[in-house]
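**Q** Pasting in a structure now, in structure tokens, and then I'll have a few things to ask.
The values are calculated or read from the model by the stated rules, or taken from the named source; none is laboratory data. Keep in mind that what you see is a predicted model, and the values were worked out from it rather than measured. Here the Cβ positions follow ideal geometry from the backbone for every residue, glycine too, while neighbour counts run over all protein chains shown.
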Amino acid sequence: MKWVNHQIVTGVIVYTATENLLLTAYSMAGAILPDKVEGNPRAGSYWSWRSRHRGWSHWPLLYCALLGLSLRLGRGDYGVTGGEIAVIGTYFAVGALLHIAEDAVCGKVPLLTPGDKHGVKLFAVGSFAEYFFSAGVVLVCYLAHRLVLSG
């Protein structure tokens, strides 16, 4: 998916779940992290970048570990209370995990190991179908939120 759609879809999902703009912003920043750490495809050889794309940077276990560490830090399990740092780490990890799930519907991403890729290709990146999918997620979240408020 394009970065803008990663940020919109992730932001809407997290806002629907939390109704907190700051947590939404943290997750939106995390939503571009897996691609950002790979570098810019235009900065060098596109094919070199492409060979690394959706490798270790899209490995969900890395972000599950960050999520677990952040949650433990927030509880004070290491003798210090992480406070806001734990919250930021938690929602960065949530954003990155949502990014990986979003990429799994438009291609393959790692699952158990960085080289073991799984997914479906419902649409091509940058296609009309991607934007239609993103708008559909926004609509579903809006309707779910309205149902919760009215119920």
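**Q** Here are Arg50, Arg72, Arg42: which of them is surrounded by fewer than 17 Cβ atoms within 10 Å (Cβ to Cβ) and either closer than 20 Å to Gly119 by Cα or within 12 Å of the chain's Cα centre (by Cα) (or both)?
**A** Arg50
**Q** Give just the number: which of (1) exposed (fewer than 15 other Cβ atoms within 10 Å of the Cβ); (2) of a type in the set (A, V, I, L, M, F, W, C); (3) at pLDDT 95 or above; (4) over 17 Å from Ala31 (Cα atoms) does Ala65 not satisfy?
**A** Here Ala65 meets the rest and fails (4).
**Q** Out of everything in segment 125-151 that is part of a loop (DSSP other than H, G, I, E, B) and modelled with pLDDT under 95, what residue ends up being farthest from Trp3 (Cα to Cα)?
**A** Selected residue: Gly151.
**Q** Let me ask you something else. When you scan segment 118-151, how many residues do you find that are over 18 Å from the mean Cα position of the chain (by Cα), under 25 Å from His53 (Cβ atoms) and among the polar types (S, T, N, Q)?
**A** The total comes to 1.
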